[in-house]
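Engineer: After the structure tokens below, expect a handful of questions from me.
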Number of protein chains: 2
Amino acid sequence: MTKTSPSSQAVTAWARLMRVSRQLVEKAEDALKQAGLPPLAWYDVLHELAEAGEAGLRPFELTGRVLLAQYGVSRLLARLEADGLVEKLPVSDDGRGQIVRITPAGRDMRRRIWGVYGASIAGLMGEKLSAEELETLAGLLGRLRHPPARE
Amino acid sequence: MTKTSPSSQAVTAWARLMRVSRQLVEKAEDALKQAGLPPLAWYDVLHELAEAGEAGLRPFELTGRVLLAQYGVSRLLARLEADGLVEKLPVSDDGRGQIVRITPAGRDMRRRIWGVYGASIAGLMGEKLSAEELETLAGLLGRLRHPPARE
DNA sequence: TCCCTGTCGATGCAATTGCATCTATATGGA
DNA sequence: TCCATATAGATGCAATTGCATCGACAGGGA
């Protein structure tokens with residue numbers, strides 16, 4: 001049976017987590033928008049595809065990695081393809097599916113987004129906490145993951 | 001001048017923060033939805049208004065406290081009023097404004113949401129980390145706030 | 001008093017998101 | 001083989017959100 005009433009420490013930590021995470025996302029998104037760059041979700045997808053390399057990824061694999069619903073991935077990929085940042089290839093052994101691969105233009109866009117996004121991260125996190133504190137934070141957050149997770 | 005390239009620790013902590021916070025919000029929202037209750041934003045507003053008591057709050061004060069844009073507050077208050085959870089009163093010394101006050105039905109709704117929301121917090125945070133760890137987490141998150149903040 | 005500028009709150013419209021469902025293909029069992 | 005069920009991905013429609021702007025009033029200076 002699960003406890004139904006949270007401790008005061010849990011409530012405080014929860015409130016901070018909610019507030020701070022939303023503030024930081026907002027800051028990072030603002031910086032991108034101001035630079036005339038697409039939103040963070042685009043970066044996430046381009047990043048995953050860049051890591052996947054020439055082999056590419058199936059859309060359903062992406063759905064698992066970025067925190068986006070299936071229809072969100074479908075629509076985002078449509079936009080990325082329309083902008084020439086990714087390409088869709090048929091896959092031989094499954095007629096329903098496709099392979100999505102990042103294009104050179106996509107890699108370039110990823111780099112440009114990172115220029116701004118990375119600077120935001122440095123300013124919002126790197127300047128506020130020491131390397132040790134950041135590791136502590138990451139460790140604690142890791143233990144809150146759902147599902148409890150593979151390291 | 002601000003650093004433009006984040007440390008690996010900063011990137012890891014950032015990624016965890018983004019992922020975990022979104023997962024937890026999603027879990028909490030799902031629980032509310034499944035219980036047939038309104039979303040978290042409703043709770044935030046009802047909570048602030050409950051704390052403000054009979055004096056109520058001006059909408060622009062709410063805008064500052066909950067992380068919602070001005071038009072978001074305006075529209076949410078319209079819905080809450082339509083549902084009888086809050087009431088809007090004219091304010092004598094400022095003809096543009098209004099005072100928003102929670103109603104008994106609003107207090108009741110807040111309690112009902114808390115029954116589910118509090119249980120989510122207990123399950124998602126209280127069960128995963130000790131009281132000390134929660135305090136550490138809250139402390140670290142607090143130092144990431146924007147603006148750097150009044151304690 | 002009369003503007004000019006600023007703030008409060010609301011809203012029209014476009015873009016985005018969520019939900020439900022659809023089509024197409026795969027897979028396994030009778 | 002044929003059917004029932006499951007999975008991949010797309011999409012119509014409704015609800016929500018963001019952006020820009022509006023109307024109403026406040027506050028100050030000339």
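None of the figures in this text is laboratory data; all of them are computed from the coordinates on show. Computed from a predicted structure; not experimentally measured. Quick reminder, even Gly has a Cβ in these numbers, built from the backbone with ideal geometry, and neighbours come from all protein chains shown.
Engineer: Set the bar at 29 Å for Cα to Cα. Now go through A:LYS88/B:LYS33; A:LYS88/B:LYS27; A:LYS128/B:LYS128; A:LYS33/B:LYS128; A:LYS27/B:LYS27; A:LYS27/A:LYS88 and name every pair that lies beyond it.
Structural biologist: Going by Cα-Cα distance, A:LYS88/B:LYS33; A:LYS88/B:LYS27; A:LYS33/B:LYS128; A:LYS27/A:LYS88 fall outside the 29 Å limit.
Engineer: For peptide B:110-121, what's the mean number of Cβ atoms from other chains within 10 Å of each residue's Cβ? Working shown, then result.
Structural biologist: Numbers: counts 0, 0, 0, 0, 2, 2, 1, 3, 7, 5, 4, 10.
What the average comes to for B:110-121 is 3.
Engineer: Could you order the peptides B:133-144, B:88-99 from most to least packed, using the average number of other C-beta atoms within 10 Å per residue?
Structural biologist: B:133-144, B:88-99
Engineer: Here's something else I'd like to know. Put a point 7 Å out from Cα along the line to Cβ at A:ASP93; what are the distances to that point in the other copies, in nm, shortest first?
Structural biologist: Sorted ascending, the copy-to-copy spacings read 7.6 nm.
Engineer: Could I ask something else about it? 5 Å is the cut-off here: which amide hydrogens, built 1.01 Å from N in the peptide plane, fall below it relative to A:ILE99, excluding neighbours closer than 5 in sequence?
Structural biologist: Answer set, sorted by chain and number: A:LEU89, A:VAL91.
Engineer: Now, a different point. Once both axes come from the Cα atoms, what is the angle between helix B:40-52 and the longest principal axis of chain B, in degrees from 0 to 90, rounded to 10?
Structural biologist: 60
Engineer: Given 0.36 nm per residue, what is the gain on full extension from B:ALA41 to B:PHE60 after removing their alpha carbon distance, in nm?
Structural biologist: Values: separation 19, 0.36 × 19 = 6.84 nm, distance 1.57 nm.
Using 0.36 nm per residue and subtracting the Cα-Cα distance, I get 5.3 nm.
Engineer: Once R0 is set to 35 Å, what does the formula 1/(1 + (r/R0)^6) return for the Cβ-Cβ distance between B:VAL91 and A:LYS27, expressed as a FRET efficiency to the nearest 0.05? Could you put the intermediate results ahead of the total?
Structural biologist: Working: r = 33 Å, r/R0 = 0.95.
That gives a FRET efficiency of 0.60.
Engineer: So what's the angle, to the nearest 10 degrees on a 0 to 90 scale, between helix B:8-34 and the longest Cα principal axis of chain B?
Structural biologist: Rounded to the nearest ten degrees, it is 40.
Engineer: For each of A:THR103, B:THR12, A:THR4, count neighbouring Cβ atoms within 10 Å of the residue's Cβ, then give the residues from fewest to most.
Structural biologist: So the residues, fewest neighbours to most, are A:THR4, A:THR103, B:THR12.
Engineer: Rank the residues A:SER8, A:SER120 as a footprinting-exposure proxy: fewest other Cβ atoms within 10 Å of their Cβ go first.
Structural biologist: A:SER8, A:SER120
Engineer: Provide an ascending nm list, one decimal, of label-point separations from A:SER7 to the equivalent residue in each further copy; define each label point as 7 Å from Cα along Cα→Cβ.
Structural biologist: The projected label point of A:SER7 is separated from its counterparts by 2.9 nm.
Engineer: Also: Just to confirm the numbers: A:GLN34, label point 7 angstrom along the Cα-Cβ line, distances to the other copies in nm, shortest first?
Structural biologist: 4.1
Engineer: Which chain B residue comes nearest the axis with its C-beta when you rotate B onto A, and by how many angstrom?
Structural biologist: B:SER21, 2
Engineer: From the phi of every residue in segment A:113-124, what ³J(HN,Hα) in whole Hz does the Karplus formula 6.51 cos²θ - 1.76 cosθ + 1.60 yield, where θ is phi - 60° and glycine or proline is x?
Structural biologist: Running phi through 6.51 cos²θ - 1.76 cosθ + 1.60 with θ = phi - 60° gives 5, 4, x, 8, 5, x, 5, 4, 4, 4, x, 8 Hz.
Engineer: What is the order of A:TRP42, B:TRP114, fewest Cβ neighbours within 10 Å to most?
Structural biologist: Fewest-to-most ranking of A:TRP42, B:TRP114: B:TRP114, A:TRP42.
Engineer: Let me ask something additional. Roughly how many whole Å is it from the C-alpha centroid of segment B:24-56 to that of segment B:89-145?
Structural biologist: Between the Cα centre of segment B:24-56 and that of segment B:89-145, the gap is 7 Å.
Engineer: Right, here's the next one. For every helix of n ≥ 4 consecutive DSSP H residues, a contribution of -39,500 (n - 2.57) applies; sum these over chain B, divide by its total residues, and give [θ] at 222 nm rounded to the nearest 500 deg cm²/dmol.
Structural biologist: Helices in chain B give a 222 nm mean residue ellipticity of -19500 deg cm²/dmol.
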